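The values are calculated or read from the model by the stated rules, or taken from the named source; none is laboratory data. Everything numeric here is computed off the predicted structure, so don't read it as measured data. Cβ placement follows ideal geometry from the backbone for every residue including glycine, while neighbour counts extend to all protein chains displayed. These area figures cover heavy atoms from the full protein model, side chains too; ligands, DNA and RNA do not enter into them. Shrake-Rupley method; radii C 1.70, N 1.55, O 1.52, S 1.80 Å.
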Amino acid sequence: MEKTYDPSQIEASWYQSWEESGFFAPSGDGTAYCIAIPPPNVTGSLHMGHAFQHTLMDTLIRFKRMQGHNTLWQVGTDHAGIATQMVVERQLLAEGISRHDLGREKFLEKVWQWKTDSGGAITSQIRRMGSSVDWSRERFTMDAGLSNAVQEVFIQLYEEKLIYRGQRLVNWDPKLHTAISDLEVISEEEAGHMWHIQYDLVDGSGSLIVATTRPETMLGDSAVAVHPDDKRYKHLIGKEINLPLSGRTIPIIADEYVDPEFGTGCVKITPAHDFNDYEVGKRHNLPLINIFTVDATLNDNAPETYRGLDRFEARKQVVKDLEAAGLLIKVAEHTLKVPRGDRSGVVVEPYLTDQWYVAVESLAKPAIEAVENGDIEFVPKNWENTYFAWMRDIQDWCISRQLWWGHRIPAWYDEQGKVYVGRSEDEVRSKHQLRPEVKLKQDADVLDTWFSSALWTFSTLGWPEKTKELETFHPTNVLVTGFDIIFFWVARMIMMTLKFTGEVPFKQVYITGLIRDEDGQKMSKSKGNVLDPLDLIDGIELEALVAKRTQSLMQPEMAKKIAQVTRKQFPQGIPAFGTDALRFTICSLASTGRDIRFDMSRAEGYRNFCNKIWNAARYVLMNTENEDCGLNPEDDIELSVADRWIISRLQQAEQSVISALDSYRFDHAAQAIYEFTWNEYCDWYLELSKPILTADTSVSSIAAKRGTRRTLVKVLETLLRLSHPIMPFISEEIWQRVAPLAGIANSKDSSIMLQPYPVPEQSKINVNAIADIEWIKGVIIGIRNIRGEMDIAPGKKLPVYFSHGSTEDKTRLDNYRNFLLTLAKLDDITWLEQTEQAPTSATQLVGDMEIHVPMAGLIDKDAEINRLNKEIEKLSRELTRVKDKLNNPNFTDKAPEAVVAKEKQKLEAAASAKSALEEKLQALRVL
RNA sequence: AGGCGCGUAGCUCAGUUGGUUAGAGCACCACCUUGACAUGGUGGGGGUCAGCAGUUCGAGUCUGCUCGUGCCUACCA
């Protein structure tokens, strides 16, 4: 093996080998365990959020697979209607073509082409993450099977009147020319103005001042509203006013909606261009005057001078004209929430159109109950509140989009506009007995992308067919996703799946936090702080990183700043950490219920951890390959205290990892593996194995060497299996070499990923061995402490004396002398009986036993006095604290006996340690 | 306006049902290239657990308030 772990060397081939061997497919044995991947955009690329979620899902899947479950990780991609269509349209635009120039059919061909060309990127990136998804079952939301499911669902909902067509105000995106759902509108505060406009009464008896943030919409006003109880305006209710600029007269109406405290207490009512005004208009039977075209330019309902103007141009013109007419009373600075389309970024208009809706109320009810009664459980649980809050106030879902890329709505219209819904035009004709001369035209719209996503767990398993997969793997076990799509996706999945399968889509929902950069900022292209998981795996040069981050920015003027920041943050570029280190980092950061700041230094630390495992394996192989590892049951085997100890600790580590993974505490699982591997196996066990393996057979028998080799190999082999779900590549690479030494037959078609997951055995935990090793560690650490504090060279061999020891200490010394000599680098240990006096020394305590390192030329008296003083002071502080506690009758009376006993023990230990050290101090002082 | 979080070492974070002297990694200081590993070893320094009050024998942990901070939902023209 190479001296240094190099992920690029080992990660390249394993994935392909696993995939080709069909290891990712369900085994067919055991209880089913299934995760449906949140389908990424087919033409997208992997970002940190994916890397994060995929790591967690793969860890679960590999864990369950090794535990013997029949696991399926269902993979697939989403057609991502608007996003994909926009990309292709942008490409066409670069050639000077619009989609309308091409026509629907040709355009769709282009999109499919683009999907074929670029759709492989995301799937190959998923592979790089090591994700053990079943590629043989890969699905796409627009493939035939899923499209069929979409159609069936649409038709059934329509027939049950749960899908309907209606005319109402929707959020209209004037750039994309489509309706979007409430969820796709992002409202953020922006600086704007509040214009105060004077509307004169028709009878000339006075005027009203109306305050508005959108003066241009006054061209579509149908009324002015005041609060019915507002004394200032009560007498004006029912009167008519002259609407400036448009020559119309509109009434003054009274409506509770108006807040008399806000603005002037008079509100202009524009039912066709404001959601609230729309409701007011309905209550008062006001006419809807639509003044916008689909582009949000002014249409023929506006006075002639404004026609054709863009809405913002029109606003300027209206303000100017009002000013000229002396009707503009005041302009005030005003911050307001501006609704923008999440894809286009342009201001969305409330716009009156015909759209298709899902009536969600009856679907929402069982979906709420499923979470209330625990059929579906959110992890962490507090997300259930978010879910309930939204579901209990859910609005009908606008599912039609005026796009071309997507599932076409299976509805046809005759020339009278009558709607027929069915699987095809033929079916519609025969079902409704339409004569051939009746002309039918299919609805031009497509469905919201999330409509097909909502069917994901069951449509991918073959629904509406009653497939074996559906029966076996549905409901799926857990959905791993971000909180940002709880409404978009999770809630809608729950509703649709309950409706069509009678089952929940998943039993648990694990909600991950958002991945942020080191400064806690959201990663975004426009901020130039995006980390590409592939760059963390493979590494990237600074110049390439800068180029990548500054390429094709929406705001090119940001490029300079982004380059600057990037150069400062990554002066050396990003080193290659490898997939395993990235995955381990992700797991260790994945504590529940909070966002994650991605910290590069953590990744570096875990890359080092991989190197540590790698080198531990080198050591083990070096000592076991071509050696007798005790596999022959005929041979005598002797296990050392270290062997028994590490086996005990391994059981405990296994238990920790398993219970952590069972409760989605990936951070705890990672930590347990890290600590066991580094702090116990490497730091202590490997060191303890050295004296056994190198000693003369008169000191360490053949059977003992065998036992230690066997333990070295077996523990490592188990540790690899324990780590495999988090670190699939390095564990496989090393396992292939180690497994035969551990007596596990492996061949080319075998893999660690098919091996059983470790099962802790209580009977293998040896408490005596644990106590003995603690003693050994205590002695060694005590001596090392003296070395460190006294500046004694680490290589310098020391003589030491033990005094005031018990018979147990004596036995341990007799048994473990060799460990102590080697690990503490001693040349001799002298046991002193109670009556014997140690030479002048630096002293450490292990329990009541004293360890003495003679000063003789090595140790500075004053330094030792200082060190003792420091220790004694520490003990004094503790003594005071414990004494106070025990002197408090409230404590001794009320605290549980065990707690009190513990405190008493503490008191005794501290007191005796303190007096022992004080004695030493005294002795030194009189010297 | 409502809701949900967060605030623990210089930084990023753990800390189960309240119970040793509050932990880890990175960073820092000193010493060390010893035969797995300098992507390493050994030793060490560093925290008023945001603040205040309360409950309790005992609070990082429970309650209330305050401050700071992040997000979500709904919105007043």
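Things to note:
- Think of the range A:768-898 as having a plus end and a minus end, set by charges on the Cβ of Lys, Arg, Asp and Glu; of A:790, A:853, A:843, A:790 sits farthest toward the positive end of this dipole.
- Here is the size of the range A:762-818 from its Cα atoms: Rg then Dmax, 13.8, 44 Å.
- By a 1.4 Å probe calculation restricted to protein chains, residue A:495 has an accessible surface near 10 Å², given to the nearest 10.
- Euclidean distance of C-alpha centroids, the range A:669-738 and the range A:772-849, integer Å: 26
- Helical content of chain A, expressed as a calculated mean residue ellipticity at 222 nm, amounts to -14000 deg cm²/dmol (DSSP H runs of 4 or more residues, -39,500 (n - 2.57) each, divided by residue number, nearest 500).
- Residues in the range A:213-295 average 43 Å² of solvent-accessible surface per residue, probe 1.4 Å, ligands and nucleic acids excluded.
- With the simple spin-label model, which puts each label point 7 Å out from Cα in the Cβ direction, the residue A:334 to residue A:433 separation comes to 6.0 nm.
- Annotation: extensible slack from residue A:781 through residue A:8 equals 274.5 nm (criterion: 0.36 nm per residue apart, minus Cα-Cα distance).
- Using a probe of 1.4 Å, the accessible surface attributed to residue A:817 totals some 70 Å² when neighbouring protein chains are kept in position.
- Efficiency of FRET between residue A:187 and residue A:361 - r from beta-carbon atoms, R0 30 angstrom, step 0.05: 0.75
- Annotation: chain A has a Kirkwood hydrodynamic radius of 33.9 angstrom, from the mean reciprocal C-alpha pair distance.
- Kirkwood Rh in Å, taken over the range A:254-349 so that all alpha-carbon pairs contribute: 15.5
- Ranking A:331, A:713 by solvent-accessible area of protein heavy atoms (1.4 Å probe, all protein chains present), from largest to smallest, gives A:331, A:713.
- Alpha carbon centroid spacing (whole Å) that separates the range A:531-610 from the range A:119-167: 32
- Histogrammed with a bin width of 10 Å, the alpha carbon distances of the range A:846-927 distribute as 16, 40, 24, 14, 6, 0 percent, first bin at zero.
- Carbon/sulfur fraction of accessible area - chain A, other protein chains in place, 1.4 Å, %: 48
- Within straight-line reach of residue A:64, meaning a Cα separation under 14 Å, sit the following aspartates and glutamates at least 8 residues removed in sequence or on another chain: A:29, A:662.
- For chain A, the longest principal axis of the C-alpha atoms and the axis of helix A:641-662 are separated by about 10°.
- Between A:325, A:33, A:659, the Cα set farthest toward the positive side of the dipole of chain A (charges on each charged residue's Cβ, about the Cα centre) is that of A:325.
- Database remark: amide H of residue A:540 closer than 5 angstrom to the amide H of A:574 (H placed geometrically; neighbours at sequence offset of 5 or more, or on other chains; Pro and chain starts carry no H).
- Residue A:243 long-range amide H proximity, modeled H, under 5 Å: A:248, A:249, A:250
- Degrees between helix A:311-324 axis and first principal axis of chain A (Cα, 0 to 90, nearest 10): 60
- If R0 is 35 Å, the Cβ-Cβ spacing of residue A:865 and residue A:771 corresponds to a FRET efficiency of close to 0.60.
- GluC sites (Glu not before Pro) within the range A:141-243, DSSP loop, no more than 13 other Cβ atoms inside 10 Å: A:160
- Label-to-label distance, residue A:392 versus residue A:559, with points set 7 angstrom from Cα along the beta-carbon direction: 5.2 nm.
- Coil-residue trypsin sites (Lys or Arg not before Pro) of the range A:704-811, DSSP, other Cβ within 10 Å capped at 14: A:748, A:796, A:797
- For the range A:729-828, projected area of the alpha-carbon convex hull averaged over all directions, nm²: 10.4
- A 1.4 Å probe over all protein chains sorts A:334, A:235 by accessible area into A:235, A:334, starting with the largest.
- Helix A:275-284 axis, angle to chain A major axis (alpha carbon atoms, nearest 10°): 40
- Karplus (6.51, -1.76, 1.60) ³J(HN,Hα), θ = phi - 60°, over the range A:60-71, in Hz, Gly and Pro reported as x: 5, 5, 5, 4, 5, 4, 5, 6, x, 7, 8, 9
- Amide H contacts of residue A:508 (H built 1.01 Å from N, under 5 Å, at least 5 apart or other chain): A:377, A:478, A:479
- Where A:697, A:830, A:807, A:711 fall by accessible area, highest first, once all protein chains stay in place (1.4 Å): A:807, A:697, A:830, A:711
- Per-residue 3J(HN,Hα) values for the range A:23-38, derived from phi via the Karplus relation 6.51 cos²θ - 1.76 cosθ + 1.60 with θ = phi - 60°, read 6, 7, 6, x, 6, x, 10, x, 6, 6, 9, 9, 10, 9, 6, x Hz in sequence order (x marks Gly and Pro).
- Electrostatic dipole magnitude of the range A:327-371 [Cβ: Lys, Arg +1; Asp, Glu -1; Cα centre; debye, to 20]: 200
- Per-residue SASA entry for residue A:880, accessible area with 1.4 Å probe, Å² rounded to 10: 80
- Within chain A, DSSP assigns beta bridges of which about 70% are antiparallel (rounded to the nearest 5).
- Loop-resident GluC sites (Glu not before Pro) (DSSP state other than H, G, I, E or B) in the range A:448-555 with no more than 15 further Cβ atoms inside 10 Å of their Cβ: A:465, A:518, A:541.
- Using the Cβ-Cβ distance between residue A:679 and residue A:900 with R0 = 30 Å, the FRET efficiency computed as 1/(1 + (r/R0)^6) comes to roughly 0.40.
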